[in-house]
Structure formats: structure tokens, C-alpha cells
Amino acid sequence: MLHAFTRNYQDNSTEAGFEFTFFCDHCNDGYRSSFIESTTHTKRGFLRGMSQGASIAGSFLGGRAANLGWAAERSGSVISERFEGQSPEWRKEHEQAFGRAQNEAMQHFHRCHNCAKYACDACFNEDAGLCVACAPRQEVFVAQAHAKAMQRNITEAADSATVWEGRIESKTTACPSCGKPAGSGKFCNNCGASLALNECTRCGAANAQAVRFCNNCGNPMEAPPAAAPPPSGLCGSCGAQNPPGTRFCGSCGNQL
């Protein structure tokens, strides 16, 4: 099994030749080594796969998307299955090409003397001689601290700000007449019915028209129906019926 100097790498080799990608231990940006053509494959006269469209010179890939398959490629069993059936000469070439690719790629990485990880140029603090995880660049750290302080100040100002000073009161949301959304005005947007609030006769709290009981004290909002006046001539004391116009009950003498 091949062992790379970085913690993750990808083997891009085919039977036509050899190429490897080594990834930064911090940002996972990858450097792809120069393509090395397989002499044993060339001798057989098969020119397919990578040999027809391979990159000759090595270069950084410039992003993290290129390392999506590195975890699977690290597995020795997976690599052995990929290259199953290759000749011993090809396998020997493969190991030698890997060593050459490592020597080439190591020129583009820096080993941190604190955490022993390999970092690309973007993740290495040249002034401190350490990776940016162990020794962040001063200008980057200051900018980060400034941004955090700004966010904290904005949050504190927002927490103490008064964003609404209106009076909280009950509002009729559905028209008691047509049942449709009434709007925020004094009259229904749909039918024009009044949306004035009803005042509780007990506590004086304002309630929507559709409310049957006061939302403050529970008093019924609908007044009980008034008692019907007794029929003319009916005595309220004994219940005797007297002729209309009679001023006193003929049965008990009660004043009508």
C-alpha cells in the first residue's frame, strides 16, 4: 500500500500512466502531479485512457471539490481492485511513479513544525513558520476579531432598540356581518359593516363584536332580553284579569 506525506491523496493512475493528487491537510486544496506515461503499456501498443488527454505538468486544482473520492482511494483493497490484472512491471512502475510524484508535490507544501501537518501556501504563515491553524496571520485574525465585534455591537443595539410603540388592543379580524376578513379599518373591507369594538358593561374593556363574553372579566356581552310588559288589566299581584282602564284590581285591590 502506498503512503503519502499528506493525510489524504487520490490515485488517478490508469494502465496508460500515473498521476496522483495530494491534498492540503487544512483546506483540502489539491496538487495534481505531472503525468508519467507507463512504458510497459506503451510497449503493448495500447494508447487509451489517460494517455490521450492527460495533463503533462502538475498544478493545483484550486478548490475542494476535486478531493471527493480521496477517502475511497485511500483504501488499499479498493486500489488493489482497481489495478487488478496489471503486470508486475506495471506495479513496479506505479510505485516508482508515486515516489516521483511525492517529491514533486512536496515542493508545493510546507510542514508545520508544531502540528506536523502539511499546508499549502494559502494555509501557511510564512512569518511564523507554522500553519495558519497554529499561528493565524495577524491581519486575518484582526479582521476576524473586528467582524465579530461588529456583529456583537449590532446584536446588542438591536436588543435594546424599540421597534414598535403602538397601543395593544383587541382587533376584529373577521367581519361579524359577512364573516370575511375585515381589514384594519373601522368598517369591513368587503361589506362595509361597522367594526367598532363593544364595551363591557361590567369592566369597560373593549371587545370585538363577535365576542360573546368579555375577554377581561368574562361578563356576558349580550344583554339579557327585557321582560315583556304584562297584558293590560292583568294584576301583577294576584294575576287576576281586569277590564282595560281599571286602576285597581277588583280581586285584591292592588293598584294596576
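Things worth noting here:
- Criterion applied to Ala205, Ala133 was being of a type in the set (A, V, I, L, M, F, W, C), surrounded by 14 or more Cβ atoms within 10 Å (Cβ to Cβ) and within 30 Å of Cys24 (Cα to Cα), and the one residue passing it is Ala133.
- Answer residue from region 195-224, given it is at pLDDT 85 or above and outside any loop (DSSP other than H, G, I, E, B) and is farthest from the chain's Cα centre (by Cα) among those: Pro220
The values are calculated or read from the model by the stated rules, or taken from the named source; none is laboratory data. This one's a predicted model, so the numbers in the text were calculated from it and none came from an experiment. Heads up, the Cβs are rebuilt from the backbone with ideal geometry, glycines too, and the neighbour counts pull from every protein chain shown.
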